[in-house]
Amino acid sequence: MTLKERLAGRGIVLAPGVYDAFTAMLGERAGFEALYLSGASVAYTRLGRPDIGLVTETELEETLSRIAERVTTPVIVDADTGFGNALNVQRTVKRLERAGAAAIQLEDQSLPKRCGHLDGKQLVSTAEMRGKVKAAVDARANAGTLIIARTDAVAVEGLAPALERAEGYLAAGADVLFVEALRSEADMRAATARFAARVPLLANMVEGGKTPVLPVADLERLGFSIAIFPGGTARAAAFAFAEYFASLKAHGTTAPYRGRMIDFDALQQLLGTADMLALGKRYDDSSA
């Protein structure tokens, strides 16, 4: 089932953040119906840098292609600003769609962009962003590839102007709307009251961010169709890695930490090593 088909059905779609093929594989095996390739998490894990517009289109595309090779679960891709103007957006959409994106998210920040839950964001004009949305819609090869339009205007202009911007992006052809950094449940209700009957809405759950982090069942009751937890994976990994490194440094061995690790054989099973080796033997002509 495509993501578009799934959104036409009942129930909210819960998508965890992923940042490489390994985390995507684990998310798929956990049974999620969609995965969210977080631009912020790519910056954190690939560059060791904050989410301030440093990730390039080619780095994002390469990451996506590796994920798409490993999983069949639909991947929602955070494409930031589209990496430039409307023509850049078209190139970005074409490349990400070919690399395996089920949905491509674009935002209305100006360059350099920054994480939606950091202060100091700046916006392009509503007209420019509408043009980007139209360009994205025109560029996709498959109507099943969803274009998600995100507005960061709540933090810059306020809730009412943000909803007006979202209205314009919907008119420009966006398949999903994403009003970033809503400050309260009341703001969330205002967004869903205006749009939920007409278009799927995405809720962004960032631990410690601007928006209240609610259980997915509550988000569904509010009227959201997609809930993403984009950075939780990277934050959980950072916590676990810090504990692991501290234990290894303190004890000089992994023995005290072994109960919190999978062993070598379990990892090979997870990765499908035996199947890969068996496949390789099919092409071994040395015995012929």
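Looking at Glu33, Glu28 in this structure, which one is within 13 Å of Ile228 (Cβ to Cβ) and either open to solvent by 30 Å² or more (accessible area, probe 1.4 Å) or in a helix (DSSP H, G or I) (or both)? Sole residue among the options that is within 13 Å of Ile228 (Cβ to Cβ) and either open to solvent by 30 Å² or more (accessible area, probe 1.4 Å) or in a helix (DSSP H, G or I) (or both): Glu33. So, of the residues in segment 1-22 that are closer than 18 Å to Ala238 by Cα and touching a Gly at 6+ places or on another chain (Cβ under 8 Å), which turns out to be most open to solvent (accessible area, probe 1.4 Å)? Top of the filtered list is Pro16. Among the residues of segment 182-207, the ones that are part of a helix (DSSP H, G or I) and open to solvent by 40 Å² or more (accessible area, probe 1.4 Å) come to 5 in all. The condition (being farther than 16 Å from Ile226 by Cβ, assigned to a helix (DSSP H, G or I) and touching a strand residue (DSSP E or B) at 6+ places or on another chain (Cβ under 9 Å)) is satisfied by just one residue among Ala155, Ala166, Ala135, Ala162: Ala162. Set side by side, the residues Gly158, Gly209, Gly131 differ, and just one is at pLDDT below 95 and out of contact with any Cys (no Cβ under 6 Å at 6 or more places or on another chain), which is Gly209. Against the criterion of being assigned to a helix (DSSP H, G or I), among the β-branched types (Val, Ile, Thr) and in contact (Cβ under 8 Å) with a residue 40 or more places away in the chain, Thr73 does not qualify.
Among the residues of segment 118-132, count how many are assigned to a loop (DSSP other than H, G, I, E, B) and open to solvent by 20 Å² or more (accessible area, probe 1.4 Å). Qualifying residue count for the region: 5. Taken together, the criteria exclude Val137 from residues that are among the aliphatic types (A, V, I, L, M), touching a residue at least 24 places away in the same chain (Cβ under 8 Å) and buried (at least 21 other Cβ atoms within 10 Å of the Cβ).
Is it the case that some residue within segment 14-24 is in a loop (DSSP other than H, G, I, E, B), acidic (Asp, Glu) and touching a Ser or Thr at 6+ places or on another chain (Cβ under 8 Å)? There is at least one residue in segment 14-24 that is in a loop (DSSP other than H, G, I, E, B), acidic (Asp, Glu) and touching a Ser or Thr at 6+ places or on another chain (Cβ under 8 Å).
Filtering segment 140-159 down to residues that are among the hydrophobic types (A, V, I, L, M, F, W, C) and under 23 Å from Ala8 (Cα atoms), which residue is surrounded by the most Cβ atoms within 10 Å (Cβ to Cβ)? Among those residues, the one meeting the criterion is Ala149.
As a summary of the residue check, Val77 satisfies the conditions (1) closer than 14 Å to Ile228 by Cα; (2) out of contact with any helix residue (DSSP H, G or I) (no Cβ under 6 Å at 6 or more places or on another chain) except for the one numbered (2). Here Val89 fulfils each of the conditions (1) part of a loop (DSSP other than H, G, I, E, B); (2) surrounded by 17 or more Cβ atoms within 10 Å (Cβ to Cβ); (3) not small (Gly, Ala, Ser) apart from (1). Among the residues making up segment 44-60, those that are of a type outside the set (Phe, Trp, Tyr), surrounded by fewer than 23 Cβ atoms within 10 Å (Cβ to Cβ) and either touching a residue at least 60 places away in the same chain (Cβ under 8 Å) or not in a loop (DSSP other than H, G, I, E, B) (or both) are Thr45, Arg46, Leu47, Pro50, Ile52, Gly53, Glu57, Thr58, Glu59. Against the numbered list (1) touching a residue at least 40 places away in the same chain (Cβ under 8 Å); (2) over 20 Å from the mean Cα position of the chain (by Cα); (3) closer than 20 Å to Ala40 by Cβ, Gly120 comes up short only at (1).
The values are calculated or read from the model by the stated rules, or taken from the named source; none is laboratory data. These figures come from a predicted structure and were not determined experimentally. Using ideal geometry, Cβ is built from the backbone for each residue, glycine included, and neighbour counts are taken over all protein chains shown. Accessible surface areas use protein heavy atoms only, side chains included; no ligands, DNA or RNA. Shrake-Rupley method; radii C 1.70, N 1.55, O 1.52, S 1.80 Å.
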